[in-house]
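The values are calculated or read from the model by the stated rules, or taken from the named source; none is laboratory data. Because the structure is predicted, anything quoted here is derived from the model rather than measured. Cβ coordinates were reconstructed from backbone atoms using ideal geometry, including for glycine residues, and neighbour counts include every protein chain displayed.
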Amino acid sequence: MLVIRTKRVYEAVHPEDGTRVLVDRIWPRGMTKDDVRADLWLKDVAPSSDLRQWFHHDRSKWEAFKGRYFLELDARPEAVGRLLDQARRGRLTLLFSARDTGCNHALALKEYLLSTLET
């Protein structure tokens, strides 16, 4: 069974995290590499700057954001493939810095990865 989790990068590291992958395009403010403790930083799976700025964490744009983001991910098969490989090997935690834990690109990315793994 595949386990993909999302977690704010500012939360404590736990052994249950498995492989920790930072999926933000920009390094989290005020954090050092030792603080983040990411096994991998995949900027290429983060939304483009234009898409991120358009969305601006506006929940009314959530479905439209996901559709646009999924198209961007479709155009980045190599980067997505690295995440899928990690997910197949064991527990995967997608790290993000957004304040909104219920509406962010890491959740959309998790949905995308799970739907890709099902096909």
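Structure summary
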| read-out | value |
| --- | --- |
| Selected residue [in a loop (DSSP other than H, G, I, E, B), exposed (fewer than 15 other Cβ atoms within 10 Å of the Cβ) and either at negative phi or within 11 Å of the chain's Cα centre (by Cα) (or both)] from Arg88, Arg99, Arg25 | Arg99 |
| Tally of residues being among the polar types (S, T, N, Q), in a helix (DSSP H, G or I) and loosely packed, with under 10 Cβ neighbours inside 10 Å across the stretch 28-67 | 2 |
| Scope the stretch 9-56; condition of a type in the set (Val, Ile, Thr) and over 21 Å from Glu111 (Cα atoms); matching residues | Val13, Ile26, Thr32, Val36 |
| Odd one out for Leu94, checked against (1) of a type in the set (A, V, I, L, M, F, W, C); (2) in a helix (DSSP H, G or I); (3) under 14 Å from Ile4 (Cβ atoms) | (2) |
| Selected residue (only one of Ser60, Ser97 is among the hydroxyl-bearing types (Ser, Thr, Tyr) and without any contact (Cβ under 8 Å) to a residue 60 or more places away in the chain) | Ser60 |
| Tabulated pairs, the stretch 70-86, first of a type in the set (Lys, Arg), second surrounded by fewer than 16 Cβ atoms within 10 Å (Cβ to Cβ), C-beta under 8 angstrom, 6+ apart or interchain | Arg76/Asp44; Arg82/Leu40 |
| Condition broken by Asp100, with the remaining ones in (1) of a type in the set (Asp, Glu); (2) more than 25 Å from Met31 (Cα to Cα); (3) at pLDDT below 95 satisfied | (2) |
| Filter pass, Leu84 being under 24 Å from Asp17 (Cβ atoms) and touching a helix residue (DSSP H, G or I) at 6+ places or on another chain (Cβ under 9 Å) | yes |
| Residue within the stretch 3-10 that is in a loop (DSSP other than H, G, I, E, B) and buried (at least 16 other Cβ atoms within 10 Å of the Cβ) present | yes |
| Output for the stretch 78-97, where each listed residue is touching a strand residue (DSSP E or B) at 6+ places or on another chain (Cβ under 8 Å), among the aliphatic types (A, V, I, L, M) and either within 14 Å of Val45 (Cα to Cα) or at pLDDT below 95 (or both) | Leu83, Ala87, Leu94, Leu95 |
